[in-house]
Amino acid sequence: MDVKLLSGALGAEINGIDLKDTSIENFKKINKLLLEHKVIFFRNQNITAEEQLTLAKHFGPLEKHVYVKGREDYPEIVRIIKKPHEKNQWGENWHSDVSYNVKPTKAVILRSIKIPPVGGDTMFANMELAWETLDNNIKEKIKDKKAVHSSLGGAFFTDEYEGMESNGNHKEYTNQHPIVRTHPETRKKILFVNWTYTKKIIGLEKKESDEILEKIFEHQARLDLTCRFRWTENAVAIWDNRSVQHYAISDFFPGRGLGYERIMDRIAIEGDRPN
Ligand code: SIN
């Protein structure tokens, strides 16, 4: 097995593991790599939807997306489609998946089906390092506090993206989570707020909460905390959604990335209640 680190902060590209091998032994190797590198990538993995599902089920029960309709044949798989003429794509800001749920996603397995010749890379940021490197005054202010996360309603997930179909749910969900959570497997502290869904720090006036959140969001996006993956077709990314954030870059500009379709198959695994 060959493990190529993607940056000094997180992420590794793994060679020598076949994702068609859905045995428990192979899963254990993959989970160990995931906990160590937080996001892992595999290229040239021509796996079927069933194989992707079987691998995902080793991590735990699967999660259906709150707002987006799954594939007709495999409802647990959300097909993320960016049509050729679209400039924007799903997931195009820093976020951790469904942090507005009572139990936000544990991990995601994303497989690339169709990739533009350029554009549409995905970035990841290490939230364990984000906590470690955060300004001490901010740490003191927030360390025992919770924050409100909002789902922003169904329109946010489908209205701007032609390829994404609503499942008919338009309710908005709001939940509170500790700002600093402990990873249930590694016991490491993680900074668990994100630019897209976190709206307010509980116990602070709105102005102070806004100011602190703005500083945290800027800190979380520091480039030295990130890695970036250039997709090729039939690649697979697995990320630990408890300890990373991600950002699907919409750099589809005329004459370069615009004019091509981007298609991904996403399976999410249910998480636990952050504490
Ligand atoms: C997502 O935010 O889950 C989508 C990531 C991607 O398409 O690269």
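Being among the basic types (Lys, Arg), away from the ligand (no atom under 11 Å from the Cβ) and more than 15 Å from the chain's Cα centre (by Cα): is that true of Arg262 here? Considered against the rule, which asks whether it is among the basic types (Lys, Arg), away from the ligand (no atom under 11 Å from the Cβ) and more than 15 Å from the chain's Cα centre (by Cα), Arg262 comes out as no. Listed by position, the helices (runs of 4 or more DSSP H) enclosed by the stretch 127-215 include none that has at least 1 residues that are open to solvent by 20 Å² or more (accessible area, probe 1.4 Å) and at positive phi. Restricting attention to the stretch 242-267, the residues being assigned to a loop (DSSP other than H, G, I, E, B) and surrounded by 23 or more Cβ atoms within 10 Å (Cβ to Cβ) number 2.
Just the residues that are acidic (Asp, Glu) and assigned to a loop (DSSP other than H, G, I, E, B), please, taken from the stretch 61-107. Show your work before the answer.
Here is the first cut: in the stretch 61-107, the ones acidic (Asp, Glu) are 63, 72-73, 76, 86, 92, 97.
Across the stretch 61-107, the qualifying residues are Glu72, Asp73, Glu76, Glu86, Glu92, Asp97.
Take the residues in the stretch 1-42 that are in a loop (DSSP other than H, G, I, E, B) and without any contact (Cβ under 8 Å) to a residue 60 or more places away in the chain, then tell me which one is surrounded by the most Cβ atoms within 10 Å (Cβ to Cβ).
Out of the qualifying residues, it is Thr22.
Among residues belonging to the stretch 100-115 that are within 12 Å of the ligand (Cβ to nearest atom) and crowded, with 20+ Cβ neighbours inside 10 Å, point out the one that is nearest to Tyr260 (Cα to Cα). This residue is Ile115. Among the residues that make up the stretch 74-82, is at least one of them hydroxyl-bearing (Ser, Thr, Tyr) and within 27 Å of Gly203 (Cβ to Cβ)? Scanning the stretch 74-82 turns up no residue that is hydroxyl-bearing (Ser, Thr, Tyr) and within 27 Å of Gly203 (Cβ to Cβ).
The values are calculated or read from the model by the stated rules, or taken from the named source; none is laboratory data. These figures come from a predicted structure and were not determined experimentally. Virtual Cβ from ideal backbone geometry, glycine too; neighbours counted across all protein chains shown. For accessibility, only protein heavy atoms count, side chains too; no ligands or nucleic acids. Shrake-Rupley method; radii C 1.70, N 1.55, O 1.52, S 1.80 Å.
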